[in-house]
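Here, each number is a calculation from the coordinates, and none is a lab measurement. Only a predicted model underlies this, so the values are computations on that prediction, with no experimental measurement involved. When we count neighbours, we look across all protein chains shown, and the Cβ atoms used for this are built from the backbone with ideal geometry, even at glycine.
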Amino acid sequence: MSNADNFRTTPTKILVLGATGGTGRSIVTQALARGHDVAALVRSPEKAVGLKGATLIVGDARDETAVRQALKGRDAVISALGTPASPFREVTFLSTATRVLVGAMKAEQVSRLVCITGLGAGDSAGHGGFLFDNVIFPLLLRKVYADKNRQEAIVRDSGLDWTLVRPAILNDKSGRGAIRALTDLSSFHGGTIAREDVARFVLEQLSADTWLRSSPLITW
């Protein structure tokens, strides 16, 4: 389903999932500032306060009918879906929603997907630094990241034009503009990055294929 030649079409009509989260809001704000046509699938309009300028579609990301409706006329999808820490209960939201999204994108012939997961997914596990790897991850995030791993596998097997973006530990500071994107993590052991910089990097992937079918970890 490669559509790489169309990555550079501007402005892009983007669908954002997870638009009401901290990173998602920054993606929407920056995308609108760049002249993109932005739609956001949200569970409730009340949570979407502040997303002025985006077209809101109310629905659940696990509902194929809602996702297909949101995809109508779109050129690309950015998934910034997240889920709370869950020390005890199994997590399935991310993988379920991503499986629905992939099927809907194929049905609606939308090929470009940029999906945010996180430090700790796949081969980035064990590179978060001592506190993250030995305390936060095993006690709070193990079940969340098991689902992120399922999510990544679905994306990799999708046949879409995908990029998986793994941010280091997120913060709400002002963006620095200059970040590192890594796939060789042999010397990386912990880092942080502003949501603003994550949003910028993610949007840049819509007009470049540098990280097509790759899983860069991004950090300061």
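Hey, could you check region 20-55 for residues that are surrounded by 17 or more Cβ atoms within 10 Å (Cβ to Cβ) and without any contact (Cβ under 8 Å) to a residue 24 or more places away in the chain and say which is farthest from THR117 (Cα to Cα)? Selected residue: LEU32. Residue under question is VAL155, and the condition is that it be assigned to a helix (DSSP H, G or I), within 22 Å of SER207 (Cβ to Cβ) and not basic (Lys, Arg); does it hold? Taking the combined requirement at face value, the residue satisfies it.
Here is the figure for region 179-196: residues that are over 18 Å from ALA80 (Cβ atoms) and free of Cβ contacts under 8 Å to residues at least 40 places away in the same chain total 5. Among the residues of region 79-109, those identified as β-branched (Val, Ile, Thr), out of contact with any Cys (no Cβ under 8 Å at 6 or more places or on another chain) and either under 21 Å from PRO167 (Cα atoms) or touching a residue at least 60 places away in the same chain (Cβ under 8 Å) (or both) are THR83, VAL91, THR92. Just to be sure, is ALA61 without any contact (Cβ under 8 Å) to a residue 60 or more places away in the chain and buried (at least 19 other Cβ atoms within 10 Å of the Cβ)? The answer is yes for ALA61. Of all residues in region 35-85, those that are among the acidic types (Asp, Glu) and more than 17 Å from ALA97 (Cβ to Cβ) total 3. Among the residues of region 143-160, the one identified as in contact (Cβ under 8 Å) with a residue 60 or more places away in the chain and of a type in the set (Val, Ile, Thr) is VAL144. Might you check whether a residue that is of a type in the set (Ser, Thr, Tyr) and assigned to a loop (DSSP other than H, G, I, E, B) occurs anywhere in region 200-214? The answer is yes; a qualifying residue exists. May I ask you to list the residues in region 159-179 that are under 21 Å from VAL91 (Cα atoms) and either basic (Lys, Arg) or surrounded by fewer than 22 Cβ atoms within 10 Å (Cβ to Cβ) (or both)? Hits for region 159-179 are ARG166, ILE169, LEU170.
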